Amino acid sequence: MAGWGAATRIYLAAGATDLRKGFEGLYGLVRDRLESDPLSGHVFGFANRARTRVKLLYFDGSGLWVCAKRLEKGKFRWPAGAAAKIALSPAELEMLLEGIDLMPTRKRPWYRRPTEDKCAGA
């Protein structure tokens, strides 16, 4: 699994997507359906109706990546939501792609110390 930084956001498209789409088709879905910038450096995920295939679209600064996974058996447990896109953490995406059902899990209250911008004072 790719090691995305803490600033990278991960968004899943709610509902089913026609995964015959390639770079340009997924780019258009991110722009029009998810109302996001495909060149933002964030990761955008899509699943087919049967939930047996997933595609991720990611811009690394020099070009677009399309990563795909097809299950031989079983289905992905794709999160449901009222919004067009669902935000996940990198850990949640990895669990989803490994077959863990995110529905019964919950986030616990967590404190993360704010980082200082060391370049701002220089």
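Read-outs: derived from the displayed coordinates by stated rules, not from any lab. Just so you know, these numbers come straight off a predicted model, no measurement behind them. Here Cβ is always computed from backbone atoms with ideal geometry, including for glycine, and neighbour counts include all displayed protein chains.
Between the residues LEU56, GLY74, GLY25, the greatest Cα displacement towards the positive end of the dipole of segment 10-97, with unit charges on the Cβ of Lys, Arg, Asp and Glu, is found for GLY74. Note on LEU97 and ASP32: the extension gain reaches 20.9 nm, defined as 0.36 nm multiplied by sequence separation minus the Cα-Cα distance.
When VAL66, VAL30 are sorted by how many other C-beta atoms sit within 10 angstrom of their C-beta, beginning with the fewest, the order is VAL66, VAL30. Between ALA16 and ALA68, residue separation times 0.36 nm minus the direct Cα-Cα distance comes to 17.2 nm.
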